[in-house]
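K.L.:
Before we start, here is the structure in question, set down as structure tokens.
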Amino acid sequence: MHARDFAAESLLIEQEPYYQPVGTEVALFEAAYASQIPVLLKGPTGCGKTRFVEYMAWRLKRPLITVACHDDLTASDLVGRYLITSNETVWIDGPLARAVRCGGICYLDEIVEARKDTTVVIHPLADDRRCLPIEKRGEVLKAPREFVLVISYNPGYQSVLKELKHSTRQRFVAIEFGYPEPGLEKTILMREAGIDGQTAEKLVKLAAMTRSLKGNGLDEGASTRLLVHAGKLIAKGVDPRAACRGAVAQALSDERDMLIAVDELISTLF
């Protein structure tokens, strides 16, 4: 039986990802990394959590392995499993084991989407033990100093069924993310979407209007990501109203009355 090798170099981020700090998040992450403390990122969808992790991986020069968590994610999906190939049994590391072996950053995105029995496997990595038991191989991986575990979730979508257990969250340093202030969001849109300042300013105003509807027909307002999508469509020559309807309104709701309301907001700006 063999274990397949893993090339960490292929996961290094060579070019600096564009990221605009909005507070002390960079200093907090670096201090947590130096102290070997895992990090929890919490905030609404599309506010820059994933881009932040990519930026920190580049900044710290560590390989980054990202896992999009979902209902069917099993412990074996994270840790690894035996597979039979060419008449031999081969052990294949899961993303969590890969990150531990190469001293990288393992980012579990939207951790509350995973089954609770699956998230338990991260507990030994997220406390002073800093190890990953691989029961099927009778092996315990000890995390090197360079390894860091990062998880994220959106508190706005929490419910009785999807809530981060206290036994999990209290192992982490938490960094809260929100949407950038208007001036910074405008700068981000101009840079990311390639649009002029006036168009970016209108998109930022549209976002503020939709965010004020949170809890009054919308689960969440327009994220910075959605604004970037709309801006890119506009930059390609799409009519601004059509771009905002497709990239913002339709992405926020399927309800006819709410779509009409958001469309009216779009019409006041474009």
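The values are calculated or read from the model by the stated rules, or taken from the named source; none is laboratory data. Predicted model, so just to flag it, every value in this text is computed and none were measured. Here the Cβ positions follow ideal geometry from the backbone for every residue, glycine too, while neighbour counts run over all protein chains shown. Surface accessibility is based on the protein's heavy atoms, side chains included, excluding ligands, DNA and RNA. Shrake-Rupley method; radii C 1.70, N 1.55, O 1.52, S 1.80 Å.
K.L.:
So, restricting to helices (runs of 4 or more DSSP H) that lie completely within the range 150-224, which ones have at least 2 residues that are within 18 Å of Ala251 (Cβ to Cβ), under 19 Å from the mean Cα position of the chain (by Cα) and modelled with pLDDT of 95 or more?
P.N.:
Per the criteria, 182-193.
K.L.:
Testing Gly43 on (1) open to solvent by 60 Å² or more (accessible area, probe 1.4 Å); (2) within 20 Å of Phe177 (Cβ to Cβ), one condition comes back false. Which one is that?
P.N.:
Going through (1) open to solvent by 60 Å² or more (accessible area, probe 1.4 Å); (2) within 20 Å of Phe177 (Cβ to Cβ) one by one, Gly43 breaks only (1).
K.L.:
Just need a number here: residues in the range 99-115 that are part of a loop (DSSP other than H, G, I, E, B), surrounded by fewer than 20 Cβ atoms within 10 Å (Cβ to Cβ) and more than 16 Å from the chain's Cα centre (by Cα). Break it down stepwise before answering.
P.N.:
Our first condition is that a residue be part of a loop (DSSP other than H, G, I, E, B); within the range 99-115, this holds for 103-104, 110, 114-115.
Checking the rest, the ones that are also surrounded by fewer than 20 Cβ atoms within 10 Å (Cβ to Cβ) come to 103, 110, 115.
Then keep just the ones that are more than 16 Å from the chain's Cα centre (by Cα); that gives 103, 115.
Summing the residues that are part of a loop (DSSP other than H, G, I, E, B), surrounded by fewer than 20 Cβ atoms within 10 Å (Cβ to Cβ) and more than 16 Å from the chain's Cα centre (by Cα) in the range 99-115 gives 2.
K.L.:
Can you name the number of the only condition in (1) surrounded by 20 or more Cβ atoms within 10 Å (Cβ to Cβ); (2) modelled with pLDDT of 95 or more that Val67 fails?
P.N.:
Val67 satisfies all of (1) surrounded by 20 or more Cβ atoms within 10 Å (Cβ to Cβ); (2) modelled with pLDDT of 95 or more except (2).
K.L.:
Residues Leu73, Leu83, Leu96, Leu125: which one is surrounded by fewer than 16 Cβ atoms within 10 Å (Cβ to Cβ) and touching a strand residue (DSSP E or B) at 6+ places or on another chain (Cβ under 9 Å)?
P.N.:
That would be Leu83, the only listed residue that is surrounded by fewer than 16 Cβ atoms within 10 Å (Cβ to Cβ) and touching a strand residue (DSSP E or B) at 6+ places or on another chain (Cβ under 9 Å).
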